[in-house]
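Chemist: Okay, handing you the structure first.
The values are calculated or read from the model by the stated rules, or taken from the named source; none is laboratory data. Keep in mind that this is a model prediction, so the values were computed, not measured. Cβ placement follows ideal geometry from the backbone for every residue including glycine, while neighbour counts extend to all protein chains displayed. Note: areas computed on protein heavy atoms with side chains; ligands, DNA, RNA excluded. Shrake-Rupley method; radii C 1.70, N 1.55, O 1.52, S 1.80 Å.
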Amino acid sequence: EAITPRPELIIVGVGDDARLLCSMAAMLQWRVSILYHLTDKASKERFPEADDIRIIPRLGFEQADIRGKYVVVMSHNLELDREAVRKLLTGDVVYLGLVGSKYRLEHILAHIRAQDRNFDSGLL
């Protein structure tokens with residue numbers, strides 16, 4: 001009998017929708033981590049189902065261990081979302097999702113391409 005590790009989800013954001021996603025992933029028995037900068041909303045009281053609350057410096061997303069994990073960016077702050085996507089969209093992540101409109105995604109990707117001419121569009 002094969003025993004595989006629980007899938008791991010990293011949620012970048014601390015809004016009410018992040019709380020709901022955390023609860024749903026926990027119900028599915030995923031391992032859930034909240035990744036965010038220091039704020040009152042990034043707490044075990046607000047995210048009781050989370051396995052881990054990881055506090056990072058603002059825009060310090062490169063500190064996250066994303067190898068083999070699923071990531072959903074949902075801070076709803078353009079600067080934070082843009083930097084999270086830029087730093088977390090690598091070949092190490094299994095899945096990177098962004099909550100927002102298609103226009104928002106295109107805007108973020110255009111900014112990333114302008115900043116990094118070597119951006120690998122094959123990751124999309």
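Chemist: Kirkwood hydrodynamic radius of the range 29-71 from all distinct Cα pairs, in Å? Each step should come with its number before you reach the end.
Modeler: Values: mean 1/r = 0.0902 Å⁻¹.
With all distinct Cα pairs of the range 29-71 included, I get 11.1 Å.
Chemist: Under 14 Å from the Cα of K102, which aspartates and glutamates turn up, not counting those fewer than eight places away in the same chain?
Modeler: In chain and number order, the partners are D81.
Chemist: Bin width 5 Å, origin at 0, all Cα-Cα pairs of the range 1-46: what percent of pairs per bin?
Modeler: 5, 21, 30, 21, 10, 6, 4, 2, 1
Chemist: Still on this structure, please answer the following. Along the positive direction of the dipole of the chain (beta-carbon charges: Lys, Arg +1; Asp, Glu -1; about the Cα centre), which of I34, L21, L88 reaches farthest?
Modeler: Looking along the dipole axis, the top candidate is L88.
Chemist: Let me check I've understood the local charge: for Q115, count other residues with C-beta under 12 angstrom from its C-beta, Lys and Arg +1, Asp and Glu -1. What total comes out? Please report the intermediate quantities before stating the final value.
Modeler: Working: positive: R82, R86, K87, R113, R117; negative: E83, D116.
Once positives and negatives cancel, what remains is +3.
Chemist: Here is a further query. Considering only protein heavy atoms, what per residue accessible area in square angstrom results for the chain with a 1.4 angstrom probe? Write down the numbers at each step before the final one.
Modeler: On the way: 7390 Å² over 124 residues.
In whole numbers, the chain has 60 Å² accessible per residue.
Chemist: How high is the relative contact order of the chain? Use alpha-carbon pairs under 8 Å, at least six apart in sequence, and give a whole percent. Spell out each step's value before the answer.
Modeler: Details: 191 pairs, mean separation 27.7, N = 124.
That works out to 22 percent.
Chemist: Now a separate question. Summarise the long-distance tail of P(r) for the chain by giving the % of C-alpha pairs beyond 24 Å.
Modeler: Tail of P(r) above 24 Å: 25 percent of Cα pairs.
Chemist: Probe radius 1.4 Å, ligands and nucleic acids ignored: give me the carbon and sulfur share of the accessible area of the chain as a rounded percent.
Modeler: Numbers: 3710 of 7390 Å².
On the chain, the fraction of accessible area on carbon and sulfur atoms equals 50 percent.
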